[in-house]
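Presented below is the structure to which this report refers.
The values are calculated or read from the model by the stated rules, or taken from the named source; none is laboratory data. Since this is a predicted model, take the numbers as computed values, not measurements. Note that each Cβ is placed from the backbone with ideal geometry, even for glycine, and that neighbours are counted across all protein chains shown. Accessible surface areas use protein heavy atoms only, side chains included; no ligands, DNA or RNA. Shrake-Rupley method; radii C 1.70, N 1.55, O 1.52, S 1.80 Å.
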Amino acid sequence: MFNAELKSETLKGLVYIVSTLVDEVKVTVHPDSIGIKAIDPAHVAMIDISVDKEAFVSYEADETELGLDLDKIKSVLKLAGPGDTIKMVHDPEQGRLTMTIGNIVRRMALVDTGSLNDPKVPQVELPMSAKLSIDQLQKGIRAAESISDADHVKIKIAPAGFELSCSGDTDLASLMVPADELEALEADDEAQSLYPIDYFSNIIKAISSSSVNVLLDTDLPVKLLFDLADGHAHVTYLLAPRIESE
């Protein structure tokens, strides 16, 4: 059983983040939470999301799994206004999910969860971290995208602060946030790595929380941590580095 209602903004925030990597996803439903794990086809990035029942307006559930077609979910979300709530009811016998927004009802077939990935989240120790506003990161990535011939961004965390930069054959764009302007900083030393600009841009543009904690070490995956739904949904995003050859 899965019978829940949540704000449209909450569902949009979750769906648009996951859809930066995959078109279909398995949702693991528990009596007190739901979990979502997804990895892109190239195994460059993955997402691990935990959503507490407190993120919902109402929530009743048993242990189950739902395979969702995210394009179908997004087509329903386009019908929802900012103040709307969305009701979701799982029919296990028919293998369908019913979504209701006001007087609109949309029934959809579920995806077979046996065909969907259930990735293992790697345990990576990343000693450097910087917490900054999503507005700053989004401005930084827009600046990076102005370098038309660049395919990666460099992220650097040091005692002086956080830096995101992007360079092409002739041009350079960078965002530098000094330590005293960060919400938090843990950096006894310096770490920096390169990451694919398209992956990094897609996730940063999809984040609707106010701030992001960036965890880093040299030539290791970068980890982005942020919350949604007033702190009741917790997102971990991992992106593999680009290793420069000697």
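Annotation: of all residues in the stretch 85-117 being open to solvent by less than 60 Å² (accessible area, probe 1.4 Å) and not in a strand (DSSP E or B), the one that is modelled with the lowest pLDDT is LEU116. Checked against the criterion of being within 30 Å of ALA173 (Cβ to Cβ) and in contact with a strand residue (DSSP E or B) (Cβ under 7 Å, 6 or more places away or on another chain), the candidates MET88, MET128 yield just one match: MET128. In this structure, SER209 does not satisfy being hydroxyl-bearing (Ser, Thr, Tyr), crowded, with 16+ Cβ neighbours inside 10 Å and farther than 18 Å from VAL18 by Cα. When the test is whether a residue is more than 18 Å from LEU238 (Cβ to Cβ) and not in a strand (DSSP E or B), ASP188 passes it.
For first residues located in the stretch 68-82 and of a type in the set (D, E, K, R), partners that are open to solvent by 40 Å² or more (accessible area, probe 1.4 Å) and lie 6+ apart or on another chain with Cβ distances below 6 Å form the pairs ASP69/GLU24. Among the residues making up the stretch 161-177, a single one is of a type in the set (S, T, N, Q) and in contact (Cβ under 8 Å) with a residue 24 or more places away in the chain: SER174. Cβ-Cβ distances below 8 Å connect the following pairs, each with a first residue in the stretch 51-62 that is part of a strand (DSSP E or B), a second residue that is hydroxyl-bearing (Ser, Thr, Tyr) and surrounded by 18 or more Cβ atoms within 10 Å (Cβ to Cβ), and a separation of six or more residues or different chains: VAL51/SER33; ASP52/SER33.
For the stretch 48-82, a residue qualifies if it is among the aromatic types (Phe, Trp, Tyr) and either farther than 21 Å from LEU110 by Cβ or open to solvent by 40 Å² or more (accessible area, probe 1.4 Å) (or both), but none of them does. Contact map, the stretch 196-225: residues that are farther than 17 Å from LYS131 by Cα paired with residues that are in a helix (DSSP H, G or I) and open to solvent by 20 Å² or more (accessible area, probe 1.4 Å), Cβ distance under 6 Å, separation 6+ or inter-chain. Pairs shown: ALA206/TYR16.
The residues listed here are ALA158, ALA144; of these, the one that is over 24 Å from ALA55 (Cβ atoms), free of Cβ contacts under 8 Å to residues at least 40 places away in the same chain and more than 19 Å from the chain's Cα centre (by Cα) is ALA158. All of ASP69, ASP48, ASP84, ASP23 fail the test of being under 25 Å from PHE226 (Cα atoms) and touching a Lys or Arg at 6+ places or on another chain (Cβ under 7 Å), apart from ASP48.
What about SER193, is it part of a strand (DSSP E or B), over 30 Å from LEU11 (Cα atoms) and open to solvent by 40 Å² or more (accessible area, probe 1.4 Å)? So SER193 does not fit the description; no. Reported count of residues in the stretch 212-244, each being open to solvent by 20 Å² or more (accessible area, probe 1.4 Å) and within 9 Å of the chain's Cα centre (by Cα), is 2.
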